[in-house]
Amino acid sequence: MLHKTSPEVGGLGHPIKRKEDLRFIQGKGNYVDDVRLPGMVYGQVVRSPYAHARIKSISTEEAKKLPGVLAIITGEDLAKANLAWMPTLSYDKQMVLATGKVLFQSQEVAFVVAEDRYTAADAAELVEVEYEELPVLVDPHKAMDPGAPILREDREQKSNHIFHWEVGDRKATDEVFQKSAVKAKVQAFFPRCHPAPLETCGCVADFNR
């Protein structure tokens, strides 16, 4: 339904009466955590505490002993089913669950499936991952320096330069710059931004044949 603003309302920045709040303040909102399906199980991700490290071993034996644990999936399990990698928006690919090594802090290493969310969380704590720490880069400007640690060892091109994006008419643009009386160069720095959107990264999957 198109929401029409009355003529006296100035639009941007003008308070508009909210229509959707009533169900929330009455406790009638419906969120992912409210969904309950027959036979529903829960998942918990095991994440890496390291920004760059080789995975030497993953032990799931103790975690599997916990009552209520149904499965523990690792990157090696996905690799056997040819599901270890997924495409990205930059025409590259990334690991679903880390195999070989982790490339950023909190990268997904294993996935626990259990009968309830608390058992899944407890089991995730029991998954033992042995890491070999590797050199890290915290300055992106140094990522292309000679001797910089290479993150993506799986790529044929041994470089941290993952993709190149270009649009427009380069020749015409270069000609304009050459004819310009004044040229200026700016290095823009974008500081850490944390708008805290309501992105809880939750989902419920229901397989129906």
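Any read-out appearing in this document is the output of simple, stated calculations on the displayed coordinates, not a laboratory observation. Keep in mind the model is a prediction, meaning the values are calculated, not measured. We place every Cβ from the backbone using ideal geometry, glycine too, and count neighbours over all the protein chains shown.
Below are the figures for this structure:
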item: Vicinal HN-Hα couplings computed from phi for segment 168-177 (Karplus, 6.51 cos²θ - 1.76 cosθ + 1.60; Hz; Gly/Pro x); result: x, 9, 5, 4, 5, 5, 4, 5, 5, 5
item: Among A63, A123, A81: highest mean-square fluctuation, GNM of the chain, C-alpha pairs under 10 Å; result: A81
item: Sites excluded, chymotrypsin sites (Phe, Trp or Tyr not before Pro) in DSSP loops with at most 10 other C-beta within 10 Å, longest stretch of the chain; result: 92-162
item: Loop-located GluC sites (Glu not before Pro) in segment 14-67 whose Cβ has at most 13 other Cβ within 10 Å (DSSP); result: E20
item: Whichever lysines have a C-alpha closer than 21 Å to that of K19, once near sequence neighbours (fewer than 8 apart) are set aside; result: K4, K28
item: All lysines inside 18 Å of K158 as judged from Cα atoms, apart from same-chain residues fewer than 8 positions distant; result: K93, K101, K142
item: 5 angstrom amide H check on K93, placed H, neighbours 5+ away; result: T88
item: Using θ = phi - 60° and Karplus 6.51 cos²θ - 1.76 cosθ + 1.60, couplings along segment 88-99 (whole Hz; Gly, Pro as x); result: 10, 5, 9, 6, 10, 9, 9, 6, 6, 10, 4, 10
item: Extension reserve of the N208-A121 stretch, reckoned as 0.36 nm per residue once the Cα distance is removed; result: 28.6 nm
item: Under Karplus coefficients 6.51, -1.76 and 1.60, residue-wise ³J(HN,Hα) of segment 66-73 in Hz, glycine/proline x; result: 5, x, x, 7, 9, 6, 10, 10
item: Highest-fluctuation residue, G13, G147, G68 considered, GNM on the chain with Cα pairs under 10 Å; result: G13
item: Residues with amide H under 5 Å from that of A71, placed H, sequence gap 5 or more; result: V113
item: Rule-of-thumb Rg ratio for the chain [Cα; 2.2 N^0.38 Å; N residues]; result: 1.47
item: Net length gained if the chain between C201 and K93 were fully extended (0.36 nm per residue, minus Cα distance); result: 36.9 nm
item: Low-density loop cleavage sites - trypsin sites (Lys or Arg not before Pro) in segment 37-93, where at most 11 other Cβ are within 10 Å (DSSP); result: K65
item: Distance between segment 89-131 and segment 10-49 - C-alpha centres, whole angstrom; result: 25 Å
item: For segment 41-102, size of Cβ-based charge dipole, Lys and Arg +1, Asp and Glu -1, in debye; result: 140 debye
item: Under-5 Å amide H pairs with Y50, H placed in peptide plane, nonlocal only; result: S106
